[in-house]
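To keep things clear, I will list the structure first and then write my remarks on it.
The values are calculated or read from the model by the stated rules, or taken from the named source; none is laboratory data. Keep in mind that this is a model prediction, so the values were computed, not measured. We place every Cβ from the backbone using ideal geometry, glycine too, and count neighbours over all the protein chains shown.
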Amino acid sequence: MAQRHHGIRFPMPGMPRGVRHPPPPTRLVHRPAAPQPVKRKEYDDEQMVPDGAKDVQNISHLQFVRMFVSGRLVFPAEYKDPAKEFSFGYEDLSDLGFIGQGNFGRVTKMKHVQSGKPMAVKRVRIITEQGEEGESLSLKRLRNEVETIKNASDCPEIVRLYGVTYHEGDCLLCMEFMDISLDKLYKTVHTVMQRRFDETIIGFIVVSILRALNHLKSCQQIIHRDVKPSNILLNRRGQIKLCDFGISGYLVDSIARTKEVGCRPYMAPERLMASTSYDVRSDVWSLGITLIEIATGQFPYQDIYELSIFKQLEVIVLGDPPFLRNNDIYAQSTVNFVNQCVVKDVKLRPDYTILMGTDFYQRYANEHDSGNYVRSYVENVLLYCQP
């Protein structure tokens, strides 16, 4: 500002003549930075979650999710293709259309433009209108999905996670693309093709899903809790894989003590009762319901979706269990295996180890040409699928 002296204004020292006032100072306007992916190195520097140095169970769901929004897309080596890694963001993806709605997110087919790799991208809203409770549940399920798939990367019967990015309040999980769900496959076979579901494919599904479930149990102490046809995927390479781990839960001494709700009609009776604990045999029940559904072409509890929740509980908990009838369509060994899975008394129902020791399981597990058989079957059914 100019100095005052007896009412006469004098220029500030060093100011050119004719300039009565200095220019106003430039105002600095603070604008919050756009959200950026948090790099792994930033967390390492802060000693948040250095790999192998700290139990990730001790960090919040948000910290865990941000740690994996790393801007890296990693495609593992497969067949003749070497492993590849790319820096990426949402702008590097091309939308190829809607696939379906998962437990807690919309799934879209997208292509990574640089590599040309198709992916199934699950978009999970992590900023919700439901307040902190809704955000916490969304983040918890997102963390379950990321953590489970990441730790199961060595299991060929579980879908792969390639990378995670962020866009407009959504977290995008970029996962392995599979050609068809078991739900769409069996409906096409029964309804469009007017054929019975292939018994050998049932055997290969049993082997793949039991391997996936057993891997979760033995390597991570995790129970899936949402086994159903829409969460079993197949592809043209002859692979069968388990997906959707949003409501998976940890086992303590082989017991699950949380009551995360899956799809009720597929839930075992003990999960719907007042009991506070259950184990992997509840997923065996869900697998059995799934096998009956694909074998017969219809859900075993007919019209259950039209009933109230309380009526659904009554039908499953108090009613007789469904079973696969021996009507000469399938071999007796297949019928016996499926019906073992839906024994209502959980104490009498077999677990993964017992099922994997049966002659039925061993027969299909030792089949060396399973990939070619599944590939041929999937390609044939896809010819009849609606786009």
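Which is in a helix (DSSP H, G or I) and either in contact with a Gly (Cβ under 6 Å, 6 or more places away or on another chain) or modelled with pLDDT of 85 or more (or both), of Leu139, Leu185, Leu173? Lay out the reasoning, then the answer.
Numbers: Leu139 fails: either in contact with a Gly (Cβ under 6 Å, 6 or more places away or on another chain) or modelled with pLDDT of 85 or more (or both); Leu173 fails: in a helix (DSSP H, G or I).
Unique residue meeting the criteria: Leu185.
Select from the stretch 366-387 the residues that are crowded, with 17+ Cβ neighbours inside 10 Å and among the hydrophobic types (A, V, I, L, M, F, W, C) and write down the one among them that is farthest from the chain's Cα centre (by Cα).
The selected residue is Val381.
Can you name every residue in the stretch 227-241 that is not in a strand (DSSP E or B) and not basic (Lys, Arg)?
The initial filter retains those residues of the stretch 227-241 that are not in a strand (DSSP E or B), namely 227-231, 235-239.
Once the filter is applied, which keeps residues that are not in a strand (DSSP E or B) and not basic (Lys, Arg), the stretch 227-241 yields Val227, Pro229, Ser230, Asn231, Asn235, Gly238, Gln239.
Can you tell me which of (1) over 18 Å from Ala83 (Cα atoms); (2) over 13 Å from the mean Cα position of the chain (by Cα); (3) at pLDDT below 90 is the one Glu147 doesn't meet?
The failed condition is (2).
Specify the residue that is nearest to Cys263 (Cα to Cα); the eligible residues are those in the stretch 88-112 that are exposed (fewer than 13 other Cβ atoms within 10 Å of the Cβ) and either modelled with pLDDT of 90 or more or outside the structural domain of Gly71 (by the TED database) (or both).
Phe98
Please verify whether Val159 is under 20 Å from Gly371 (Cβ atoms), crowded, with 21+ Cβ neighbours inside 10 Å and out of contact with any strand residue (DSSP E or B) (no Cβ under 7 Å at 6 or more places or on another chain), treating the condition exactly as stated. Can you show your working first?
On the way: under 20 Å from Gly371 (Cβ atoms): yes; crowded, with 21+ Cβ neighbours inside 10 Å: yes; out of contact with any strand residue (DSSP E or B) (no Cβ under 7 Å at 6 or more places or on another chain): no.
Criteria not met by Val159.
Considering only residues that are closer than 15 Å to Ile289 by Cβ and among the charged types (D, E, K, R), which ones fall in the stretch 326-365?
Lys344, Arg349
With respect to Lys217, is the statement that it is closer than 27 Å to Thr353 by Cβ, in a strand (DSSP E or B) and at pLDDT 90 or above true? If you could, list the steps in order and put the result at the bottom.
Numbers: closer than 27 Å to Thr353 by Cβ: yes; in a strand (DSSP E or B): no; at pLDDT 90 or above: yes.
No, not satisfied.
Hey, Gln194 hits all of (1) at pLDDT 95 or above; (2) under 13 Å from Ile158 (Cβ atoms) but one; which does it fall short on?
Here Gln194 clears every test but (2).
Go through (1) surrounded by fewer than 20 Cβ atoms within 10 Å (Cβ to Cβ); (2) within 27 Å of the chain's Cα centre (by Cα) for Ala295 and report which single condition fails.
Tallying (1) surrounded by fewer than 20 Cβ atoms within 10 Å (Cβ to Cβ); (2) within 27 Å of the chain's Cα centre (by Cα), Ala295 fails exactly one: (1).
Take the stretch 364-387 and flag every residue that is within 18 Å of Ser181 (Cβ to Cβ) and either among the aromatic types (Phe, Trp, Tyr) or at pLDDT below 95 (or both).
Quick first cut of the stretch 364-387, residues within 18 Å of Ser181 (Cβ to Cβ) only: 374-375, 377-387.
Residues satisfying the conditions are Tyr377, Tyr384, Cys385, Gln386, Pro387.
Identify, by number, the condition in (1) assigned to a loop (DSSP other than H, G, I, E, B); (2) under 23 Å from Ser218 (Cα atoms) that Asn326 doesn't meet.
Only one criterion is unmet by Asn326, namely (2).
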